[in-house]
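No value in this document is a laboratory result; all are computed from the given coordinates. Computed from a predicted structure; not experimentally measured. When we count neighbours, we look across all protein chains shown, and the Cβ atoms used for this are built from the backbone with ideal geometry, even at glycine.
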Amino acid sequence: MTRRRARARAPKAWAGRFAAPAASVAEAFTTSLPFDRRLYPHDVAGSVAHVRALVRARLLTRREGARLEGGLARVRRELDAGRFRFLPSDEDIHMAIERRLTELVGPVGGKLHTGRSRNDQVALDLRLWLRAECAALDAALARVQRALATLARRHRDALLPGYTHLQRAQPILLAHHLLAYREMLARDRTRLRDCRARADELPLGAGALAGAGFPLDRRFVARQLGFARVTANSVDAVADRDAAAEFLAAAAICAVHLSRLAEEIVLWASEEFGFIELPDAFATGSSMMPQKKNPDVAELVRGKTGRVTGALVALLTTLKGLPLAYNKDLQEDKPPLFDAADTLGQSLDVMAAMLPHLRFRTARMAAAADGLLLATDLADLLVERGVPFRRAHAIVGGLVRHCLATGTSLRELDADLLRRHSPHLTPELVRRLTPARSVARRRVVGGTAPREVARQLARAAREDAS
């Protein structure tokens, strides 16, 4: 038998219990290497910290520890360079790294796993990955927030019809509308930070479930890896996937926010709305219809939301019937987790790139913000003259009905008609109704008045600079 074939058939780490090797179909079915190999930087880092704990506990000599650390550094370089050769017998990234380490350093490689199980090892790798991914997505979210704030500053005076039920409701500032999405993304960032904080516990040392059988200093390992604390219960440490579920919940909510923004880009770019001109670089055409300019990028941001929300459901479904502590089912936590993170990251990146190039048709927006959208303002003016709001609402509702029947606007109504509806109504009062005055009235904190939007923009500038 050649050395290559012998290596390809390297025995499993657990083979001593079994009289026959695993069936090839079972090996192919149970391997996680195709998707968990991306954990290798975290697996190597965790192993280095574990080696140092073993040396500290005098379970390894300093010379053995140095040899193992050197071997792990070489394994990391091979993986970074794409020169690492995986074997069919490698069940997962953990066993692949240990197998290659032993090839490099000899029998001392067999000491690496002292006091450690793959159960606490994979729990560690997952938490290390989550910490890094939360930070990466936070940075991506910040880029989208900055793009939204830049657009809002560029169009700080532009008027827009605000909508409820997708029906024109009241005039607002376009900047105010854009900053609403910035607020959503701010909450997304808070959720990711909360997730990272709860993931900031070291599970290593929990062993298979009962805790390591050697006097390993878990707090030392936590300091080595930058964890805030160690897990309190070894069974929970290996069974827990709350951090992954929380991450997916935060990712799903964020994806929904992006989907809502993408939906409005799609709507506003349509000829029916005509509020946005899509940049050519972020649109596509039709293979049949020469005139088409399709918002495919925005549509895909919207469409990919299903993958992220589906990932959350997939993980929760996997977890829902598991007894304590570890079960092989937990291997299935990674495909949805990794796919959701990748998908959300791509959606954030493309949104941050597309937003600065959107061209708003502000004149068309302003024209759409006029007319019957000022009905609430007219009711408010009546309230200022002592008319109870419900009565004012009914009076203005009657005027709106007349306008719809005659095709006129509120500002076109004559004095006699106004007087018949209320003695407080005059043509001069009605002519005061303009979209600009309407938004200026909304001076409450967080409202759409220019001074409030300016305050929101100033806060955004401070946050972006911090």
Problem set entry | Per-pair calculated FRET efficiency, R0 = 41 Å: Arg168 and Ser24 via Cβ, rounded to 0.05 | 0.05
For this session: For His357 and Ser409, compute 0.36 nm times the residue count separating them, minus their Cα-Cα distance, and round to one decimal in nm.
Result: 15.2 nm
Problem set entry | Net length gained if the chain between Leu87 and Arg364 were fully extended (0.36 nm per residue, minus Cα distance) | 93.4 nm
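Could you please rank Phe18, Phe35, placing first whichever residue has the fewest other Cβ atoms within 10 Å of its Cβ? Spell out each step's value before the answer.
Numbers: Phe18 10, Phe35 17.
Starting with the residue having the fewest Cβ neighbours, the order is Phe18, Phe35.
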Exercise. Expressed as a whole number of Å, what is the distance separating the alpha-carbon centroids of the stretch 404-451 and the stretch 300-334?
Worked result: 53 Å
Exercise. Can you run phi through the Karplus equation (6.51, -1.76, 1.60; θ = phi - 60°) for the stretch 451-466 and list ³J(HN,Hα) in whole Hz, with x for Gly and Pro?
Worked result: 5, 6, 5, 4, 5, 4, 5, 5, 5, 4, 5, 5, 5, 5, 7, 7
Seminar exercise, completed: Using alpha carbon centers only, the stretch 163-222 is separated from the stretch 345-384 by a whole-angstrom value of 30 Å
Exercise. How large is the charge dipole for the stretch 23-114, taken about the Cα centre, if only the Cβ atoms of Lys, Arg (+1) and Asp, Glu (-1) carry charge, to the nearest 20 debye?
Worked result: 580 debye
Exercise. What is the distance, in nm, between label points placed 7 Å from the Cα along the Cα-to-Cβ direction at Ala436 and at Leu33?
Worked result: 7.1 nm
Problem set entry | Extreme residue, positive dipole direction of the chain, given options Ala392, Leu137, His257 (C-beta unit charges) | Leu137
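How high is the FRET efficiency between Ala232 and Leu417 when r is their beta carbon distance and R₀ equals 51 Å, given to the nearest 0.05?
Result of the calculation: an efficiency of 0.10.
What is the diffusion coefficient of the stretch 158-273 in µm²/s, taking the Kirkwood radius over Cα pairs and the Stokes-Einstein relation at 4 °C with a viscosity of 1.567 mPa s?
73 µm²/s
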Exercise. In percent, how large is the relative contact order of the stretch 23-114, given Cα pairs closer than 8 Å and 6 or more residues apart?
Worked result: 38 percent
Seminar exercise, completed: The relative contact order of the stretch 369-465, taking Cα pairs under 8 Å that sit 6 or more residues apart, comes to a percentage of 23 percent
For this session: Just tell me which aspartates and glutamates come within less than 18 Å, Cα to Cα, of Lys293; anything on the same chain fewer than 8 places away is out.
Result: Glu263, Glu264, Glu271, Glu272, Glu277, Asp280
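Please compute the contact order of the chain in relative form: average sequence separation of alpha-carbon pairs under 8 Å and at least six residues apart, divided by the residue count, as a percent.
Details: 600 pairs, mean separation 73.2, N = 466.
Relative contact order for the chain comes out at 16 percent.
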